[in-house]
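Q: The structure follows.
Please treat every number below as a calculation from the coordinates, not as lab data. These numbers come from a predicted model, not from an experiment. A quick note on method: Cβ atoms are made from the backbone with ideal geometry, for glycine too, and the neighbour counts reach across all protein chains shown.
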Amino acid sequence: MEGRGQEAPEPEVSDPSEEEEEEEEEDEGSGVRVTPALLKATTGEFSLESILLLRLRGRGIAHLGCLADCSNLEWLDLSGNAIAGLAPLATLRALAVLNLAGNRVASVEPLRGCRSLRQLNLAGNRLRSLRQLRCLQGLRHLESLRLRDPLGNLGNPLCATPAYRAALAAMLPGLKAIDGQRVAGRGSELFRLCRELDAALDGDAAPAAPPQPPQPWVQAGFWEARPARRSAVLEEATRQLGQALRECRELGRRADDSIAQAQRALGRRHHGNFGF
């Protein structure tokens, strides 16, 4: 009896979202699975490593399958699917923009491996607590995080807490925008002033804070020339354009040769007729 009494508290310690995630993973088999054939048909690329941008919105996808093989992927849209597990995304080191809005995500733990991630949209999923987002603290380049989208009527259970944005900004101080609203950087001060003015007009303004010392509009060195940033997308597009131009020149040369041969053949035929 004592042994049973010790085992009883275990369901209370476990996170309720874990049980929900397990149920969702069991249902993944009923949805579409990402396969090499699907990726090649969507992008036209023969090699998965050549895929840099990928849009798979609203495909009924439930399992990310071979997406981990797209090792150079930089931009990925998976919104409007039935995705619960994100494990294949853990190896995408170059991924900078990720849209997972409107899925069944209850854990973002695999995203800690996406070291280049800058923009992340998680609106319309099943995140219940800010603790589930602590794994994002190691993403030093993360600037924009969306958990709620009023226009699309998308949110997460944790958005029911009124102060979740302030807590999220404290937990991830590198964020410049939360739910599309600036919290740091250029424009954030103006947004804060407008919000305080609206509150004052409504009669709900809090006691005025002491005036802040003037701050420069831009950071030091903002106007200095910066070296051009190499873009893998631009390099790939340039390579494909150069290959297409070379093929066009080769086709033009072959066409000229065929026309010249036809003209010579016609010339010999007419010359024989006059001799007759």
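Q: Return the sequence-ordered ³J(HN,Hα) values of the stretch 108-117 in whole Hz as given by the Karplus equation 6.51 cos²θ - 1.76 cosθ + 1.60 applied to θ = phi - 60°, using x for Gly and Pro.
A: These are the phi-based 3J(HN,Hα) values: 10, 3, x, 6, 4, x, 7, 5, 9, 5 Hz.
Q: Figure the gain on full extension for ASN153 and PHE222 (residue separation times 0.36 nm, minus the Cα-Cα span) and round it to one decimal in nm. Please report the intermediate quantities before stating the final value.
A: Numbers: separation 69, 0.36 × 69 = 24.84 nm, distance 3.74 nm.
Once the chain is fully extended between ASN153 and PHE222, it gains 21.1 nm.
Q: Tell me the volume per residue, in Å³, of the convex hull enclosing the alpha carbons of the stretch 52-109. Before the final figure, lay out the partial values.
A: Values: hull volume 3.9 nm³, N = 58.
Taking the convex hull of the Cα positions in the stretch 52-109, it is 68 Å³ per residue.
Q: Let me ask something else about it. Give me Rg over Rh for the stretch 119-178, both radii from the alpha carbons and Rh done the Kirkwood way, two decimal places. Mind dumping the intermediate values first?
A: Working: Rg = 10.7 Å, Rh = 11.6 Å.
My calculation of the ratio gives 0.93.
Q: Here's something else I'd like to know. Rg and Dmax of the stretch 57-149, Cα atoms, in Å?
A: Radius of gyration, then largest Cα-Cα span, for the stretch 57-149: 11.9, 32 Å.
Q: Treat each spin label as a single point 7 Å out from the Cα along the C-beta direction, and report the LEU266 to ALA170 distance in nm.
A: Here the modelled spin labels are 8.5 nm apart.
Q: Now for a separate question. Could you pull out which residues in the stretch 117-140 have an amide N less than 20 Å from a spot 7 Å beyond the Cα of SER71, following the Cα-Cβ vector?
A: 117
Q: May I pose another question? Among 149-157, 242-250, 65-73, how do they line up by average Cβ neighbours within 10 Å per residue, starting with the highest? Spell out each step's value before the answer.
A: Values: 149-157: 14.2, 242-250: 10.0, 65-73: 19.4.
Ranking the peptides 149-157, 242-250, 65-73 by packing returns 65-73, 149-157, 242-250.
Q: How far apart, in nanometres, would the label points at ALA41 and SER129 be if each is projected 7 angstrom from Cα along the Cα-to-Cβ direction?
A: Distance between the two pseudo-spin positions: 4.2 nm.
Q: Suppose R0 equals 45 Å; then what is the FRET efficiency for GLN181 and GLN243 from their Cβ-Cβ distance, rounded to the nearest 0.05?
A: Working: r = 44 Å, r/R0 = 0.98.
Step by step, r from the Cβ atoms, then E = 0.55.
Q: If each residue of separation counts as 0.36 nm, what is the full-extension length gain between LEU53 and SER30 once their alpha-carbon separation is subtracted?
A: Full extension from LEU53 to SER30 adds 5.6 nm.
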